[in-house]
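Trainee: Below you will find the structure I want to go over with you.
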Amino acid sequence: MVELTESTMDIPPVITISEDIKLRPINCELNPLTRSDGSALFTQGDTCVLASMLGPIEVRSQNLNIEKAHVECIYRPKAGLPTIDDKLTESIIRDTCESAILTVLHPRTTISIQIQELDNRCGIQACAINGACLALLIGGIPMKFTIAAINCIVDKDNEVLLDPDHCTAIGKRASFIFVFDSLERDLVTVHTSGRFTMAQFNDAECMSRAASQIIFNFYRRIISNFHNKSLLTADTKVRNTEAEPAIKPEPMEA
């Protein structure tokens, strides 16, 4: 059973399933941008990204596909020009999101995803994928399933750690990014780096699959709160409009 632990200060809740399976505090602000179809300011621990999306929009001639929509991703680092690692992160986010989007419903169009890195304190790729998923949901893009990304590492003592912070990740031997779908908890994307054993990989996958339920529960809660708030605001506006008295113009004197 999922437990919610909240401190007395204004800090996002730490969500845990068991003592071994817990994630850093998760928080999100939906639609912080006004000129995008959908956006999300997603924070996991001290790692923060701003994800936005536009689409379906007009496609360039070189990317035209008569059978499905073209999905593009633009990843911007916190400072400076994009590096090779940033381009790799961009490719992982694009391929992962494309596998979840129903691209056949919008042929000859482009769905553009923009990720702005605000702070990287370990697990930036997983944080960016989760933020992009929320931006797509808010933007109304049809999807086969939602996706949840989990970060794991093998520390210097050869122990598998789930969603560590930047201090714990110092001297890590390997890192893993697992992305699961919301239907059968099947693997959508796996990205590994470093040296590890098969037993460590299996342990990291099992821990990540169990922790993905935390991300999916967070999606349901925050999307439900967002739509309930929108419906309440719309209902209040309707009531205020009905309550306003009709003002008749007075005749002007000659």
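The values are calculated or read from the model by the stated rules, or taken from the named source; none is laboratory data. The model shown is predicted, which means the values in this text are computed figures rather than measured ones. Neighbour counts are summed over all protein chains in view; Cβ atoms, including those assigned to glycine, are modelled from backbone coordinates with ideal geometry. Surface accessibility is based on the protein's heavy atoms, side chains included, excluding ligands, DNA and RNA. Shrake-Rupley method; radii C 1.70, N 1.55, O 1.52, S 1.80 Å.
Trainee: Given the criterion farther than 30 Å from Leu54 by Cβ and buried (at least 17 other Cβ atoms within 10 Å of the Cβ), identify the matching residue among Ile153, Ile147, Ile141, Ile177.
Mentor: Result: Ile153 is the single residue among Ile153, Ile147, Ile141, Ile177 that is farther than 30 Å from Leu54 by Cβ and buried (at least 17 other Cβ atoms within 10 Å of the Cβ).
Trainee: Does at least one position in region 207-218 carry a residue that is part of a strand (DSSP E or B), touching a residue at least 24 places away in the same chain (Cβ under 8 Å), open to solvent by less than 50 Å² (accessible area, probe 1.4 Å) and within 26 Å of Gly139 (Cα to Cα)?
Mentor: no
Trainee: Here are Ile101, Ile124, Ile66, Ile74: which of them is crowded, with 20+ Cβ neighbours inside 10 Å, hydrophobic (A, V, I, L, M, F, W, C) and more than 19 Å from Asn151 (Cβ to Cβ)?
Mentor: Every option except Ile101 fails the conditions.
Trainee: Still on this structure, please answer the following. Would you check if there is a residue in region 34-57 being hydrophobic (A, V, I, L, M, F, W, C) and outside any strand (DSSP E or B)?
Mentor: Looking for residues that are hydrophobic (A, V, I, L, M, F, W, C) and outside any strand (DSSP E or B), one finds none in region 34-57, hence no.
Trainee: Looking at region 115-129, can you tell me whether even one residue there is closer than 23 Å to Ala211 by Cα, assigned to a strand (DSSP E or B) and touching a Leu at 6+ places or on another chain (Cβ under 7 Å)?
Mentor: The answer is no; no qualifying residue exists.
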